[in-house]
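Notes for the one structure printed next.
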Amino acid sequence: MVSAIKTNMLNPVANEPVIDKDAALEASRKAILAVEKMSEDSEIVNPRRAKSVPRYAREQLVLGSLLGRGGFSDVYEVKKIDGATDMRRSLAGHRTLSMPMLSNSRHQSDNESVNSSSSDDEKEHVGSRAFLLRRTKTRKIQYAVKFLSLSTMTNPESFATGAADLAIEGHFLSSLDHPNIIKLRGLSNGGIEGFAKGRGGGYFLVLDRLAETLHSRLSRWQQKQGKSSFFSSKNADRDSKKHRYFARCLNIASNIASALDYMHSWNVIYRDLKPENVGFDVNDEVKIFDFGFTKELREADSLDDGLYNLTGNTGSPRYMAPEVGRSMPYNLSADVYSFSTLMWELCTLEQPYSGMTPTTHRELVINGPYRPPIDEDWPINLRRIMERGWSGDINERPSMMDYCTALEREIVESTKENKSPMERRLKRGLSQKKLLVRTPS
């Protein structure tokens, strides 16, 4: 039995069951209920859009090396997607996927037209699927697959929690559409019910492969740059490389802010912003990923003061807003706090609150007013919005749209000082971002 488990751990899409059937059925049931709950009266979840996501059998995926491990899931590179499986059978499995239909009037027209336009959906599904098959055969590896780790599945409690998180992530990603949010390229053709089989890879997400995380990139930059601030005028005058680093940081921050602003426009809170959850794809485009803690805020659940009774202690303590750490009601501004902390890390190449014990961090930061020191040489507008962003008073925090505007101004100012080709590209990118609009389709 031990050797069989070891074999399965190396082959996460093996057919052998890895846990007892009752636990698998319970995990599947909880995942389905979680998706039904998040989809009820949702403003963002669009069944028709989710329906167009290509479906694949797990046996089609030829996996490469392990790319990363999270709290519940593993991510592997996809070396190839075998296209031998009959396309019509894949579509049939796709059509029987359990997907709650929304009663929300916003999506009513979409729901009413699903049956009448099913042929169009099938064409889009086949086209997307065929495109992805060609990409994995003719180009370098650009995709990854995410599924529950077998260690998660062998624990009934973690299996149920992880299954719900992964299913919710799949449904959010099928509806979100922003250039700085990781793209969902496919789902398992068995749907959420695949968890009930109790096998590795019973339910999975096919995603764009990320070449590097922001965490690893900051570590590399720190080794090159040292601890000198990007904003010190004398250093910038002496070494133009530091100015270019600053411009790159502004660009990264602007992309992250744009993605968060897009999510907030749909009243969706991310709740786990940190360098480990921001990556760069093979084209070096910034992508936010790992949406297991993401939640849509509904007006019906709002308290009188505009806050929400949400799960506390959600996310990573170092970047967590004080009200979240204290399990108090909170809202979208919790993401603004996390972004301000991440912005400080981008500017300094230092980990915030480094060296603090969890007890000290809770005492000084979560329950107190302590924040990282801000260099007086930093641009004044950036200092001001950062200080407002991590304020202990929720009402003092700016919106992510305010942050986007502030960062755009800093990038424009930066390009005035140094007209390098890279910074000219940054400025052109700003005009393209302004064209991004919130669309439900």
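The values are calculated or read from the model by the stated rules, or taken from the named source; none is laboratory data. Since the model is a prediction, treat every value here as computed from it, not as a measurement. As a convention, Cβ positions derive from the backbone with ideal geometry for all residues, glycine included, and neighbour counts pool all protein chains shown.
Being in a loop (DSSP other than H, G, I, E, B) and either at pLDDT below 95 or touching a Leu at 6+ places or on another chain (Cβ under 8 Å) (or both) is the filter here; which residues of segment 298-311 pass it?
The first filter runs over segment 298-311 and keeps only residues in a loop (DSSP other than H, G, I, E, B), leaving 298, 303-307, 309-311.
Those that are in a loop (DSSP other than H, G, I, E, B) and either at pLDDT below 95 or touching a Leu at 6+ places or on another chain (Cβ under 8 Å) (or both): 298, 303, 304, 305, 306, 309, 310, 311.
Just checking, how many residues over segment 24-45 are touching a Leu at 6+ places or on another chain (Cβ under 8 Å) and outside any helix (DSSP H, G or I)?
Taking segment 24-45 as the starting set, the residues that turn out to be touching a Leu at 6+ places or on another chain (Cβ under 8 Å) are 31, 39-42, 44-45.
Adding the requirement that they be outside any helix (DSSP H, G or I) leaves 40-42, 44-45.
Here the count works out to 5.
Taking residue 380 as meeting all but one of (1) modelled with pLDDT under 95; (2) surrounded by fewer than 18 Cβ atoms within 10 Å (Cβ to Cβ); (3) under 26 Å from the mean Cα position of the chain (by Cα), write down the number of the exception.
If we test residue 380 against (1) modelled with pLDDT under 95; (2) surrounded by fewer than 18 Cβ atoms within 10 Å (Cβ to Cβ); (3) under 26 Å from the mean Cα position of the chain (by Cα), just (3) comes out false.
I need the full set of residues from segment 36-48 which are touching a Pro at 6+ places or on another chain (Cβ under 7 Å) and under 16 Å from residue 291 (Cα atoms), in order please.
39
Could you grab me the full set of residues in segment 343-361 that are in contact with a Pro (Cβ under 8 Å, 6 or more places away or on another chain) and assigned to a helix (DSSP H, G or I)?
Result: 344, 345, 348, 358, 361.
Restricting to segment 46-62, name every residue that is surrounded by fewer than 19 Cβ atoms within 10 Å (Cβ to Cβ) and part of a strand (DSSP E or B).
If the condition is that a residue be surrounded by fewer than 19 Cβ atoms within 10 Å (Cβ to Cβ) and part of a strand (DSSP E or B), then 62 is the only one that fits.
Out of 278, 268, 286, 282, report the one residue that is within 23 Å of residue 219 (Cα to Cα) and crowded, with 23+ Cβ neighbours inside 10 Å.
Numbers: 268 fails: within 23 Å of residue 219 (Cα to Cα); 286 fails: crowded, with 23+ Cβ neighbours inside 10 Å; 282 fails: crowded, with 23+ Cβ neighbours inside 10 Å.
It is 278.
Being of a type outside the set (A, V, I, L, M) and either surrounded by 19 or more Cβ atoms within 10 Å (Cβ to Cβ) or under 22 Å from residue 214 (Cα atoms) (or both): is that true of residue 388 here? If you could, list the steps in order and put the result at the bottom.
Working: of a type outside the set (A, V, I, L, M): yes; either surrounded by 19 or more Cβ atoms within 10 Å (Cβ to Cβ) or under 22 Å from residue 214 (Cα atoms) (or both): no.
Here the answer is no, as residue 388 does not meet what is asked.
Please go through segment 178-210 and give me each residue that is β-branched (Val, Ile, Thr) and in a helix (DSSP H, G or I), ordered by number. Quick ask: steps written out before the conclusion?
Taking segment 178-210 and keeping what is β-branched (Val, Ile, Thr), we get 181-182, 192, 206.
Residue satisfying the conditions is 192 alone.
Kindly evaluate residue 327 against the criterion of being surrounded by fewer than 17 Cβ atoms within 10 Å (Cβ to Cβ), within 15 Å of the chain's Cα centre (by Cα) and not assigned by TED's automatic domain parsing to the domain that holds residue 163. Break it down into steps so the answer makes sense when it comes.
Values: surrounded by fewer than 17 Cβ atoms within 10 Å (Cβ to Cβ): yes; within 15 Å of the chain's Cα centre (by Cα): no; not assigned by TED's automatic domain parsing to the domain that holds residue 163: yes.
It is false that residue 327 is surrounded by fewer than 17 Cβ atoms within 10 Å (Cβ to Cβ), within 15 Å of the chain's Cα centre (by Cα) and not assigned by TED's automatic domain parsing to the domain that holds residue 163.
Could you count how many residues in segment 311-334 are free of Cβ contacts under 8 Å to residues at least 24 places away in the same chain and of a type in the set (Ser, Thr, Tyr)?
Of the residues in that region, 2 qualify.
Please find, among 255, 251, 267, the residue that is on the phi > 0 side of the Ramachandran plot, modelled with pLDDT of 75 or more and not assigned by TED's automatic domain parsing to the domain that holds residue 183. Break it down into steps so the answer makes sense when it comes.
Working: 255 fails: on the phi > 0 side of the Ramachandran plot; 251 fails: on the phi > 0 side of the Ramachandran plot.
Answer to the check: 267.
Does residue 154 satisfy the criteria of being modelled with pLDDT under 95, closer than 17 Å to residue 62 by Cα and of a type in the set (Val, Ile, Thr)?
No: the conditions fail for residue 154.
So residue 340 ticks every box in (1) surrounded by fewer than 23 Cβ atoms within 10 Å (Cβ to Cβ); (2) part of a helix (DSSP H, G or I) but one. Which box is left unticked?
So residue 340 meets the others, but not (1).
Considering 337, 353, which residue is more than 26 Å from residue 174 (Cβ to Cβ), in contact with a Gly (Cβ under 8 Å, 6 or more places away or on another chain) and in contact (Cβ under 8 Å) with a residue 24 or more places away in the chain?
On the way: 353 fails: in contact with a Gly (Cβ under 8 Å, 6 or more places away or on another chain).
Within the list 337, 353, the selection yields 337.
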